[in-house]
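Quick notes on the structure that follows.
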Amino acid sequence: MTSPATLITTDIEFERTGFQTGTLRLPYSHDRSAYGHVPIPLALLNAGTGTGPTVLLTGGNHGDEYEGPVALMKLMQRMPSMAIRGRLIVIPGLNFPAFVNGTRTSPLDHGNLNRLFPGARNGQPTEMIAHYVETELLRRADVVIDLHAGGASFDHAPTLLASPPAERERRALYMDLVRGFGAPNTMIMDLLGEDRTFAAAAERYGKLFLCGEFGGHAGCDAENLAIVATRRVTVANSNQRSKRRN
Ligand SMILES: [Zn+2]
């Protein structure tokens, strides 16, 4: 018997065209549920293979940061009627146990998802999420946008955190994304020597990755929500171009 590459399963068919909603099933066997699992909601809109790039949008990497998840849940409501090229994968509460609990880290294992990449197939729940993102989602994505908001411990001026790749052509595409996002503030930075983050994982896979801090103090500021909910980003590659609005 061949072991699956990940223990997280889903009824979402990433290659099927059209709109789908479903969950990632994170197995979690514990005292109150021997065969339990944690469902992590996601939505997929696929215009068809070869029509454009795959964009992965995530919120709730930290569970006490709300502008991203709220904007992405609003986007999920519009997705069935959206006309796109390429493929859009939306996960508004990536570390869903932390999101439901309203905390930065998971109540299941105290895991801080953004410090646990590349994760572990057989690890604790938060490590398993990181491993799924690293092995199953990043290989499918061309562009990743991960929305943060400071969290309970501080408030952050709404700022896009950009780490342009060194290679010239990818850097040009990346800076198009940064300009297209049009954040009120953009900070160009490196990965701070940190290789446990989602950004570092995306860089390992050579994917274009944007993240940002759009609020804080575990609230949801209406002005900051408007910033992340009304971005129009043009994703281009050498022979195709698509637009999204989240
Ligand atoms: Zn965060």
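Observations on the model:
- Using θ = phi - 60° in the Karplus curve 6.51 cos²θ - 1.76 cosθ + 1.60, the 3J(HN,Hα) couplings for the stretch 130-143 round to 4, 5, 5, 4, 5, 9, 10, 8, 5, 5, 8, 8, 9, 10 Hz; x is entered for Gly and Pro.
- Average accessible area per residue (Å²) across the chain - probe 1.4 Å, nucleic acids and ligands excluded: 46
- Rounded to the nearest 20 debye, the dipole size of the stretch 60-216 about its Cα centre is 560 debye, using +1 on the Cβ of Lys and Arg and -1 on the Cβ of Asp and Glu.
- The charge dipole of the stretch 113-156, taken about its Cα centre with unit charges on the Cβ of Lys, Arg, Asp and Glu (plus for the first two, minus for the last two), comes to roughly 160 debye.
- Among Val90, Pro53, Ala157 the positive-end extreme of the charge dipole of the stretch 9-245 (Cβ point charges): Pro53
- Relative packing of peptides 134-146, 70-82 - highest average C-beta neighbours within 10 Å first: 134-146, 70-82
- Quarter of Cα convex hull surface for the chain, i.e. mean projection, nm²: 13.3
- What a 1.4 Å probe finds exposed on the chain is 51% carbon and sulfur by accessible area, rounded to a whole percent.
- Cleavage-rule hits, GluC sites (Glu not before Pro), the stretch 159-209, DSSP coil, Cβ neighbours within 10 Å at most 11: Glu167
- Of Val38, Val70, Phe14, farthest towards positive along the dipole that unit charges on Lys, Arg, Asp, Glu beta carbons give the chain: Phe14
The values are calculated or read from the model by the stated rules, or taken from the named source; none is laboratory data. The structure presented is a predicted model; accordingly, all values stated were derived computationally and were not measured. Note: ideal-geometry Cβ built from the backbone for every residue, glycine included; neighbour counts use all protein chains shown. Ligands, DNA and RNA are excluded from the accessible area calculation, which covers all protein heavy atoms including side chains. Shrake-Rupley method; radii C 1.70, N 1.55, O 1.52, S 1.80 Å.
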